[in-house]
Amino acid sequence: MSLGYAEKLSYREDVGTVGMTEIFDPPDVLQRKIEELATMIQKSKHLVAFTGAGISTSCGIPDFRGPKGVWTLQREGKAIPDASLPFHRAMPSLTHMVLVELEKAGILKFVISQNVDSLHLRSGIPREKLSELHGNSFREICPSCGEEYLRDFEVETVGMKETPRRCSNDKCGAKLIDSVLDWEGALPPKEMNPAEKHCKMADLILCLGTSLQITPACNLPLRCLRVGGKLVIINLQPTPKDKKASLVIHGLVDKVIAGVMHLLNMQIPPYVRIDLVQLSLTEFPKNDRNVKWTLRVSSVHGQRAALPFLKSVEVTFPDRPYLKPAILREQPFLLKRETLKTRPFTMVLVLNFGEGCGCPTSRIEWPVDFQAARNGFSHDKTLVFHKLRDSSIQDSSCGLYAAVERKNLSEPKCEVTSYAIVTNILRFNCLLGSIVNKSNGIVTKRRSESTKAKKAIPKRLK
């Protein structure tokens, strides 16, 4: 849930029950329920996850109806709570990454989310196995051809309104719209139909961190009951569907799911954050000897789009000491220079990362030769991401990068190269209920999840 999203929604008096007291199962009861859930998942043939705001609170994103939730505080006449990180820098939780591992193992068949924070997609859940019922604050849609555009910035509007951008399909070019529903918006068939299909096929539906109050979404998990499926609810507050559930667990979702993974003897994969940046070098020939040129460091989503992870860019010329270094501190990051056309040089760019990144910088060397021909290319982005992810996990370091695409434009002559950069790595410890930022060695405890959980978890299921 984005704070911007909450502020953009139209006003509604009735948002359901808010501010209920949180309930915590006693440690022995919680452990027994974790063991029962692990057995249920182990036996499941068609597991579906139904997620709400409660799985993102450990990511620094406030929920809606908790004691400090957005709507709870609004009803009390108080200000909206602050997020611990800018929304675009929030990273998936332990629970998000567990769902990724369960999907890869073939256990989890589908994810249905009421969240608009894009964290399921960032975590690695395939788009075709995900229904985002209420939309995605980072996704735009072309209403003409249906093309989707996933951004690294939060789209400006909600309510399926027009955004400032157009479809990049040469045969289309229609104005894009946001994908987030307002209160009265009908759930889109593209999201609703597969969600209904999988709920009817499910033998087990896991409701994670949701109060199950928003209709019609909250009724979807009940579809499994008609075909003999079971419903499990993990939430700190009571829900209207508790009586329908085979198992209700009152505990922190991360702690419960971590315990289940330990019992199943399954690892929680690390999360590797990869951001995209575009470097462009535009030439303006002055005469036969000299050339003026402009370096631009910008978003792949357009020159007006912000680079949310980048604080500044340092530019140096190691083999041309007479060229003055530059520090670009404001977006758009632009550098204008004039040099000899006939003498190649290497330009070194140090990208200084901002808040929420696991390492301070990344260093890109860019050879420049105005007389040489440069070939364009386009690599498979998914393959590039996979290679970067594997390399960064093996090295336990951020800052690695790889070129994704290079285009050569004319009038004026311009070389545009897009790079994928690893800006963070998070490893999860299922026993301690914590995240480990491998790039700087920081261990962060999750909320009130204590190390007592380590003693409470028995050996894995046989």
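The number of residues in the range 219-228 that are crowded, with 17+ Cβ neighbours inside 10 Å and either modelled with pLDDT under 95 or among the basic types (Lys, Arg) (or both) comes to 1. For Asp170, state whether it is farther than 26 Å from Met40 by Cβ and open to solvent by 50 Å² or more (accessible area, probe 1.4 Å). Yes; evaluated as a whole, the condition is true for this residue. Given the structure, is Arg12 closer than 21 Å to Val232 by Cβ and either modelled with pLDDT of 95 or more or out of contact with any Gly (no Cβ under 6 Å at 6 or more places or on another chain) (or both)? Spelling it out, it is not the case that Arg12 is closer than 21 Å to Val232 by Cβ and either modelled with pLDDT of 95 or more or out of contact with any Gly (no Cβ under 6 Å at 6 or more places or on another chain) (or both).
Look at (1) buried (at least 17 other Cβ atoms within 10 Å of the Cβ); (2) in contact (Cβ under 8 Å) with a residue 60 or more places away in the chain; (3) assigned to a loop (DSSP other than H, G, I, E, B) and you find that Asp275 fails only one, number (3).
Among the conditions (1) within 30 Å of Ser118 (Cβ to Cβ); (2) buried (at least 16 other Cβ atoms within 10 Å of the Cβ); (3) out of contact with any helix residue (DSSP H, G or I) (no Cβ under 6 Å at 6 or more places or on another chain), the only one that Val253 does not satisfy is (3). Taken over the range 246-266, the residue count meeting the criterion of being polar (S, T, N, Q) and touching a strand residue (DSSP E or B) at 6+ places or on another chain (Cβ under 9 Å) is 1. Every condition in (1) out of contact with any Leu (no Cβ under 8 Å at 6 or more places or on another chain); (2) assigned to a helix (DSSP H, G or I); (3) free of Cβ contacts under 8 Å to residues at least 24 places away in the same chain is met by Asp170 except one, and the failing one is (2).
Would you say Ala306 is within 25 Å of Lys292 (Cβ to Cβ), of a type in the set (A, V, I, L, M), out of contact with any Cys (no Cβ under 8 Å at 6 or more places or on another chain) and not in a strand (DSSP E or B)? For Ala306, the condition - within 25 Å of Lys292 (Cβ to Cβ), of a type in the set (A, V, I, L, M), out of contact with any Cys (no Cβ under 8 Å at 6 or more places or on another chain) and not in a strand (DSSP E or B) - is not met. Scanning the range 329-347 for residues that are farther than 14 Å from Leu281 by Cβ and in contact with a strand residue (DSSP E or B) (Cβ under 9 Å, 6 or more places away or on another chain) yields a count of 5.
Checking the stated criteria, Val291 turns out not to satisfy the condition of being in a strand (DSSP E or B), open to solvent by less than 10 Å² (accessible area, probe 1.4 Å) and within 17 Å of Ile364 (Cα to Cα). For the range 394-422, which residues satisfy the criterion of being on the phi > 0 side of the Ramachandran plot and of a type outside the set (Asp, Glu)? The answer is Ser396, Gly399.
For the range 204-218, name all the residues that are out of contact with any helix residue (DSSP H, G or I) (no Cβ under 7 Å at 6 or more places or on another chain) and either open to solvent by less than 20 Å² (accessible area, probe 1.4 Å) or modelled with pLDDT of 95 or more (or both). Give the derivation first.
Of all residues in the range 204-218, those out of contact with any helix residue (DSSP H, G or I) (no Cβ under 7 Å at 6 or more places or on another chain) come to 206, 211, 213-218.
Leu206, Ser211, Ala217, Cys218, listed by residue number.
Of the residues in the range 154-161, not one is open to solvent by 40 Å² or more (accessible area, probe 1.4 Å), acidic (Asp, Glu), at negative phi and assigned to a helix (DSSP H, G or I).
With respect to the conditions (1) at pLDDT 90 or above; (2) under 26 Å from the mean Cα position of the chain (by Cα); (3) open to solvent by 30 Å² or more (accessible area, probe 1.4 Å); (4) small (Gly, Ala, Ser), Ser397 lacks only one, and its number is (1). Each residue in the range 154-202 was checked for being under 23 Å from the mean Cα position of the chain (by Cα), within 27 Å of Asn219 (Cα to Cα) and of a type in the set (S, T, N, Q), and 1 pass. From the residues in the range 374-394 that are polar (S, T, N, Q) and surrounded by fewer than 18 Cβ atoms within 10 Å (Cβ to Cβ), which one is nearest to Leu295 (Cα to Cα)? That would be Asn375.
So if I check each of Ala453, Ala420, which one is modelled with pLDDT under 95 and buried (at least 19 other Cβ atoms within 10 Å of the Cβ)?
Ala453
Just one of (1) closer than 26 Å to Ser397 by Cα; (2) of a type in the set (Gly, Ala, Ser); (3) in contact with an Asp or Glu (Cβ under 9 Å, 6 or more places away or on another chain) fails for Ser298. It is (3). In the range 80-89, of all residues being surrounded by fewer than 21 Cβ atoms within 10 Å (Cβ to Cβ) and touching a helix residue (DSSP H, G or I) at 6+ places or on another chain (Cβ under 7 Å), the one that is modelled with the highest pLDDT corresponds to Ile80.
Among residues belonging to the range 296-331 that are among the hydroxyl-bearing types (Ser, Thr, Tyr) and open to solvent by 10 Å² or more (accessible area, probe 1.4 Å), point out the one that is farthest from the chain's Cα centre (by Cα). For the range 296-331, the residue satisfying everything is Tyr322.
In this structure, does Phe24 turn out to be of a type in the set (Phe, Trp, Tyr), in contact with a helix residue (DSSP H, G or I) (Cβ under 7 Å, 6 or more places away or on another chain) and either modelled with pLDDT of 55 or more or open to solvent by less than 60 Å² (accessible area, probe 1.4 Å) (or both)?
For Phe24, the condition - of a type in the set (Phe, Trp, Tyr), in contact with a helix residue (DSSP H, G or I) (Cβ under 7 Å, 6 or more places away or on another chain) and either modelled with pLDDT of 55 or more or open to solvent by less than 60 Å² (accessible area, probe 1.4 Å) (or both) - is not met.
With the condition kept exactly as written, say whether any residue in the range 127-135 is in a loop (DSSP other than H, G, I, E, B) and at pLDDT below 95. Yes, there is a match, as at least one residue in the range 127-135 is in a loop (DSSP other than H, G, I, E, B) and at pLDDT below 95.
Mind listing whichever residues of the range 183-195 are crowded, with 17+ Cβ neighbours inside 10 Å and among the acidic types (Asp, Glu)?
Glu191
The values are calculated or read from the model by the stated rules, or taken from the named source; none is laboratory data. Keep in mind the model is a prediction, meaning the values are calculated, not measured. A quick note on method: Cβ atoms are made from the backbone with ideal geometry, for glycine too, and the neighbour counts reach across all protein chains shown. The protein model used for the area step is the full one, side chains on, heavy atoms only, and it has no ligands, DNA or RNA in it. Shrake-Rupley method; radii C 1.70, N 1.55, O 1.52, S 1.80 Å.
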